[in-house]
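The values are calculated or read from the model by the stated rules, or taken from the named source; none is laboratory data. Keep in mind it's a predicted model, so treat the numbers as computed, not measured. Please note: Cβ atoms are built from the backbone with ideal geometry, for glycine as well, and neighbour counts cover all protein chains shown. Side chains are part of the model used for accessible areas, which takes the heavy atoms of the whole protein and leaves out ligands, DNA and RNA. Shrake-Rupley method; radii C 1.70, N 1.55, O 1.52, S 1.80 Å.
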Amino acid sequence: MKNNKTESWGSRYGFMLATAGSAIGLGNLWKFPYVTGMNGGGSFVLLYLICIFLVGLPVMVGELAVGRAVGGNTVAVFRKLLPPKSLFSDIIGGALLLLGFFMLFTPVNTGSAIISMIAGVLILTTGWIAVGIITGVVIPVLIMGYYGVIGGWTVIYLYKAVTGTLTCATPQEAAQAMSSVSAASDGMFWPVIIAQLLFSGGCFAVLLAGVRSGIERCSKVLMPMLFILLLVLIWRSVSLPGAVAGVRFFLEPDISRISAGSIIIAMGHAFFTLSLAMGIVMTYGSYLDKNTDLVKSTLTVIGLDLMAALMAGLAIFPAVFAMGFKPDAGPALLFNILPASFNQIPGGFGWIWNSIFFFAILIAALTSGISLMEPTIAVISGEFKLSRKVSVIITAVVVLILGTVTSISMTGWQHIPAIGKVFARLWPDNTPAHLFSALDYFSCSWLLPLAGLAMTIYIGWVWGTRHALKEIRRGASKRFDGNLLMLAAGLFQGNQKSLFSAAVMWGVIIRWVTPLLLTVAFLDCIGIIKLQ
Ligand code: PHE
């Protein structure tokens with residue numbers, strides 16, 4: 001296979017920081033802490049660790065391997081590696097098309113029928129390339145359509161914190177501030193639109209500079225800064241009187257709260273937090289050289305990601321508890337409870353802690369947003385032979401328009417009645433209240449698990465573990481093939497290939513465990529099975 005790479009990483013260190021920058025995002029600083037708190041603290045962390053190693057690690061290594069093997073964008077991967085069309089893809093495509101067609105004559109919402117038909121036609125005409133288009137273009141653009149809005153909120157919060165106007169002292173006041181920031185309460189959507197444009201525009205500005213001098217350089221500065229900020233916050237939070245209760249809430253194991261449902265949550269989160277199936281890891285892998293150790297790099301990224309998640313919990317809960325607030329606010333924790341908690345710290349320096357906190361969130365969101373757009377840019381420039389600059393501009397125009405419409409829709413559909421009417425006609429039973437939740441639901445509940453499933457089946461069964469392992473072994477340590485027990489006992493001596501090795505386990509997991517778990521997670525997500 002010929003590799004004609006146009007972009008590449010400057011160093012392994014830069015690549016790891018950029019990948020960690022992608023992985024560490026709102027998932028770590030916002031979702032992980034409250035999900036852990038609500039699902040049994042330390043026991044959930046353990047469950048999450050198992051999921052990360054059982055699902056996250058193997059899929060990430062596989063995604064990096066397939067990207068590096070081809071050295072191209074996500075569409076190129078599925079176009080070049082093997083003939084993209086097969087009987088299998090024809091059957092899946094045909095089935096989706098027929099399903100959609102029949103759905104038109106049932107009470108199912110027309111919108112879902114149309115989406116199924118479009119997916120069917122896409123798969124029938126492009127085969128496996130459809131997976132490349134969905135992971136590299138559809139998912140990133142749809143996610144960025146609302147992630148940019150959240151990014152905008154952090155910009156507004158940071159601005160308010162720095163200027164001393166984030167003065168809420170109770171969660172109620174904070175909730176009011178939040179709904180006015182998101183424009184949900186007063187219909188004033190201009191600030192959110194501008195903030196969203198600033199945030200997403202910032203991501204595109206970095207992307208314009210390229211992989212090395214944009215993504216890599218900015219990750220090298222921002223990621224260490226993020227960890228320093230988190231350390232400062234942990235120090236502030238943990239040294240408050242009464243903070244221990246927060247640490248206990250976050251980490252004290254409570255097995256009784258672990259259920260089949262929490263396993264699915266842990267797995268879904270492992271997938272989301274490592275930015276898997278969004279085309280990101282595949283694209284970042286394509287910029288790697290052949291002698292990088294994929295397993296070791298993945299372990300480092302996972303370690304940093306986990307560290308950021310745990311640090312976020314230690315920065316948040318002690319402050320919340322010490323100020324006497326309730327930790328089970330769920331999603332509202334970050335934007336409502338925390339600012340109020342920091343503002344309550346005696347001495348009146350709340351604005352400093354809030355500024356540091358929202359600056360940390362902004363960094364995390366920026367590096368993730370940047371990574372999210374790279375796959376799309378790579379597809380456009382690679383497949384249409386356009387310059388990086390033009391590809392960035394095309395992507396930016398589409399995403400900024402989508403983000404603007406999402407921001408406006410947060411006030412309901414009255415400002416954009418035409419789009420509201422389309423939704424009401426296509427999904428009369430459950431018209432989304434705004435574009436934000438529709439994009440989130442469709443991309444994260446449907447597309448991500450399905451794309452993840454298709455991708456692992458492709459790597460494990462179609463491309464095949466034999467070829468994949470050949471790619472992973474390049475640059476990997478001999479220990480990858482060593483007997484795990486011998487390794488654990490310190491008796492491994494180099495050249496013994498063993499049946500009971502990380503390599504063999506990888507093959508089993510990618511072929512059997514992940515597809516199975518992803519199927520269960522997907523069925524649970526869309527409500528076909530209900531795990532408690
Ligand atoms: N890994 C990110 C997180 O934890 C997920 C993500 C990446 C979301 C890129 C959007 C864009 O938040």
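I want to make sure I understand the PRE zone here: with the label point 7 angstrom from the Cα of Ile416 toward its beta carbon, which residues in segment 137-153 have backbone N atoms less than 14 Å away?
Under cut-off, by backbone N: 142-150.
For the chain, what is the convex hull volume of the alpha-carbon atoms per residue, in Å³?
149
Once you have the Cα-Cα distance between Trp512 and Arg257, take 0.36 nm times their residue separation minus that, and quote the gain in nm to one decimal.
89.0 nm
Please give the FRET efficiency for Phe500 paired with Arg212, using the beta carbon to beta carbon distance and R0 = 41 Å, rounded to the nearest 0.05.
Plugging the Cβ-Cβ distance into 1/(1 + (r/R0)^6) gives 0.55.
Round to a whole number: what % of the accessible area of the chain belongs to carbon and sulfur, probe 1.4 Å?
Here carbon and sulfur together make up 71 percent of the probe-accessible area.
Can you give the accessible area of Lys31 in Å² (nearest 10), computed on protein heavy atoms with a 1.4 Å probe?
70
Could the peptides 53-65, 115-127 be put in order, highest first, of the mean number of other beta-carbon atoms found within 10 Å of their residues?
Descending mean neighbour count gives 53-65, 115-127.
In terms of modelled amide H atoms, which long-range or inter-chain residues lie less than 5 Å from the amide H of Asn483?
Ser498
Ranked highest first by average number of other Cβ atoms within 10 Å, how do 393-401, 106-114, 297-305 line up?
297-305, 393-401, 106-114
Using a 1.4 angstrom probe on the protein heavy atoms only, line up Arg79, Arg511, Arg68 by accessible area, largest first.
Arg79, Arg511, Arg68
Hey, can you rank 488-497, 422-431 by average C-beta count inside 10 Å, highest first?
422-431, 488-497
Can you sort Tyr13, Tyr284 by solvent-accessible area, 1.4 Å probe, largest first?
Result of the area sort, largest leading: Tyr13, Tyr284.
Filter the DSSP H helices in the chain by two things, a Kyte-Doolittle mean of at least 1.0 and an axial alpha-carbon span of 30 angstrom or more, and list the hits by number.
139-162, 217-238, 294-322, 350-383, 388-409
Quick one: if you stick a label point 7 Å off each Cα along the C-beta vector at Ala433 and Ser8, how many nm between them?
5.1
Only helical DSSP H runs with n ≥ 4 go in: add -39500 (n - 2.57) per run for the chain, normalise by residue count and round the 222 nm mean residue ellipticity to 500 deg cm²/dmol.
The helix contribution divided over the chain gives -21000 deg cm²/dmol.
For segment 1-119, what's the relative contact order in percent, using C-alpha pairs closer than 8 Å and at least 6 residues apart?
Contact order relative to length: 19 percent.
Given R₀ = 45 Å, what would the calculated FRET efficiency be for Leu484 paired with Ile228, taking r from the Cβ atoms and rounding to 0.05?
The formula returns an efficiency of 0.80 here.
Compute the accessible area per residue over segment 47-153, keeping the other protein chains in place, probe 1.4 Å, unit Å².
Ligands and nucleic acids excluded, the result is 35 Å² per residue.
For Lys326 and Ala169, compute 0.36 nm times the residue count separating them, minus their Cα-Cα distance, and round to one decimal in nm.
Result: 55.1 nm gained on full extension.
Cross-link partners among lysines for Lys326, C-alpha distance below 21 Å, same-chain residues fewer than 8 apart left out?
By straight Cα distance, Lys326 reaches Lys31.
Between Val405 and Leu99, take the C-beta separation as r, use R0 = 30 Å, and let me know the FRET efficiency to the nearest 0.05.
It comes out at approximately 0.55.
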